[in-house]
Structures are given as structure tokens and as C-alpha cells.
Amino acid sequence: MKIAYTVEEVRKQVKAWRQEGLTVGLVPTMGYLHEGHASLMKKAVEQNDRVVTSVFVNPTQFGPTEDLEDYPRDFDQDCKLCDSLGVSLVFHPEPSEMYAPDFCTWVNMDVLSKTLCGKSRPIHFRGVCTVVSKLFNIVTPDRAYFGQKDAQQLAIIRRMVRDLNMDIEIVGCPIVREEDGLAKSSRNTYLNAEERKAALILSQSIFLGQKMAEEGETDAAKIKNAMVEKIQTEPLAKIDYVEVVDGLSMQPIEKIEGATLVAIAVYIGKTRLIDNFILQ
């Protein structure tokens, strides 16, 4: 496995692979890799001849009061995991490699980015779309892999690829959970023992809503209210949002018909966690 720190190194390697007629998969990450990331890399290795994993904590998707400096990092461990899974190249640039001092070009998206996480993190998806577009341009992958845990991000990336005619297949992979149900997240490391136990209220409310929907409930308000009531039983939990939205447009709906996303964001202490389930 190789490690590249510059755009030029990545392009040189990908060009060599292309000359051999090889397919390339990309797994964009911010590092501190866990089993959720591993599931993406495993799928990428299965479906492509070569796989690039980017490890880059992207500063442009963090707001001024968010956890950029404190975001967990362990590059050595990340590389060990990537190597063990058959990743061919890890791209680990400095922010200065990705953003020139006078950088002023952004990829914005209307509609899909205004709800859910975009409502409370107004610059977040501009940063996500911009850095993912840059990674797509640098790596030129055949396929790119994203987790369902960040369901709004997945929907936004798919729309961006469609709207901008990018020749890339976007592959969504299921949420990976701890044995007790908590969705895997790099931010879980922020939780102390009491908060870690309290965080189970997220998956418990998700499973409750999912059960209601599977049993035939189509009234979005009833599902949402039941989930809110469940979360409110946990004293350490503070709701950012609980929403039932159209799976493509990310806009709120009143009745479940077709593809639907039920998504939540909850603060456990100071740590903001997200979870969701999708109905087809």
C-alpha cells in the first residue's frame, strides 16, 4: 500500500493504473477509521481493481464553533486498517494542498442542503460538496463509496453527481452498529461512560420508528412524535431534529409513500450524534 501526500502523486498513480486498464474505487473519509469505514473499503475492494482511501479532515465543512481542532485523528492506525483491507493508496493531504490561500471556488447545492443537518450547520454541505468534487477530480474514480449513516450527505452527493454530469457511480453502504445498537461514529470517542450509555436512546428511537413503519404506520407525524417522546426520556439528550423526509428531495412529508428517510440528530452532552433509517 502506498501513501500519497500530494495531488500530483495521486494523479500519477491513477494514470498508471488506467494505462493497465484497471478500475478505481474511492472511499473519502476524515480518518479515525472504524468498522463503518471498513465496510466501505471492503465493498470498494470487492468491486474495483484498485482502491484509494482519502484521509483528510476537511476544514471547510466545519463551522466556527465546531470541533475541527478536537476532531479525533490517528493516521498510523488508519493506515494499518487500510493496508489490512487491501486498499492500494491512502491520500493524506495537508489543508494547504487542497486549498490555496486565495481559494474562492465553491460547490453549492440548493433544496437538499437546507433541511436536517444543513439547517443547523449552514456551511457544512458547501464544504462537503466542494471537497468531494475535488477528490473526484483528483482521483477520477469509477465508483465512490459513502455510508448510509450520513444519509443526507449520500443523497446530496448523488444529486451533485447527477446534476453536474459526473461519470462516477455512487455506492451507498448500510449503517454499521455496535453490538448494543449505537451507530459507529468517530465522534463516539467524545462520550464518557455515562454519555455512552445515554447515547443508546438514538438507536432505540430509530428502532421504534422503524417498527411502527414496518407495521404499517404511514402518518409521518405519529412516527416523529413517538420518536421524540422516546428521546425525551433520556435526561442527557437534547434534540437537534427528528424529521421524516422524502428520500430524494430531503423535504418534509406528511405521509410515507415511496422512498422515505427518517433521520435524527441529538446532542448527548456536548456531542452531536446522528442516526436514521430508510424506507423504500
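Quick check: the angle from helix 151-163's long axis to the longest principal axis of the chain, C-alpha only, nearest 10 degrees?
Orientation of helix 151-163: about 50 degrees from the principal axis.
For the Cα atoms of the chain, what angle does the longest principal axis make with the long axis of helix 124-139, in degrees from 0 to 90, nearest 10?
30 degrees
Assuming 0.890 mPa s and 25 °C, estimate D for region 183-280 with Stokes-Einstein, Rh taken as the Kirkwood radius over Cα pairs, in µm²/s.
Taking Rh from Cα pairs, D becomes 181 µm²/s.
State the three equivalent ellipsoid semi-axes of region 113-199, derived from the C-alpha gyration tensor as the square roots of 5 times its eigenvalues, in descending order and whole Å. Kindly include the intermediate steps, with their values, before the conclusion.
Details: eigenvalues 160, 49, 25 Å².
Whole-Å semi-axes of the equivalent ellipsoid: 28, 16, 11.
Residue farthest toward the positive end of the dipole of region 33-76, with Cβ of Lys/Arg at +1 and Asp/Glu at -1: which of Val51, Phe62, Pro72?
Sorting the options by dipole projection puts first Val51.
Apply the Karplus parameterisation 6.51 cos²θ - 1.76 cosθ + 1.60, with θ equal to phi minus 60°, to every residue of region 268-274 and state each ³J(HN,Hα) to the nearest whole Hz, in sequence, with x for glycine and proline.
Result, rounded to whole Hz: 10, x, 9, 9, 8, 10, 10.
Which whole-number percent gives the relative contact order of region 81-232, counting Cα pairs below 8 Å spaced six or more residues apart?
Value for region 81-232: 14 percent.
Using only Cα atoms, find the angle between the long axis of helix 200-214 and the longest principal axis of the chain, and express it within 0 to 90 degrees, rounded to the nearest 10.
80 degrees
Go through region 1-100 and name the chymotrypsin sites (Phe, Trp or Tyr not before Pro) that are in a DSSP coil and have 15 or fewer other Cβ atoms within 10 Å of their Cβ.
Passing both the DSSP loop test and the Cβ count: Tyr5.
If eta is 1.002 mPa s and T is 20 °C, what Stokes-Einstein diffusion coefficient results for region 40-157, Kirkwood Rh from Cα pairs, in µm²/s?
Value of D from the Cα-based Kirkwood radius: 137 µm²/s.
Can you work out D for the chain in µm² s⁻¹ from Stokes-Einstein, where Rh is the Kirkwood radius over C-alpha pairs, the temperature is 37 °C and the viscosity is 0.692 mPa s?
The estimated diffusion coefficient comes to 167 µm²/s.
Compute, for Thr65, the solvent-accessible surface of its heavy atoms (probe 1.4 Å) with the complete set of protein chains present, and express it in square angstrom to the nearest 10.
140 Å²
Ordering Asp275, Asp167, Asp240, Asp102 by accessible area with a probe of 1.4 Å, largest first, what comes out?
From most exposed to least exposed: Asp167, Asp102, Asp240, Asp275.
In whole angstrom, how far apart do the alpha carbon centroids of region 212-261 and region 9-31 sit?
About 39 Å separates the Cα centre of region 212-261 from the one of region 9-31.
The values are calculated or read from the model by the stated rules, or taken from the named source; none is laboratory data. Since the structure is predicted, the reported quantities are computational estimates derived from the model, not experimental observations. When we count neighbours, we look across all protein chains shown, and the Cβ atoms used for this are built from the backbone with ideal geometry, even at glycine. These accessible areas exclude ligands, DNA and RNA; they are computed on the full protein's heavy atoms, side chains included. Shrake-Rupley method; radii C 1.70, N 1.55, O 1.52, S 1.80 Å.
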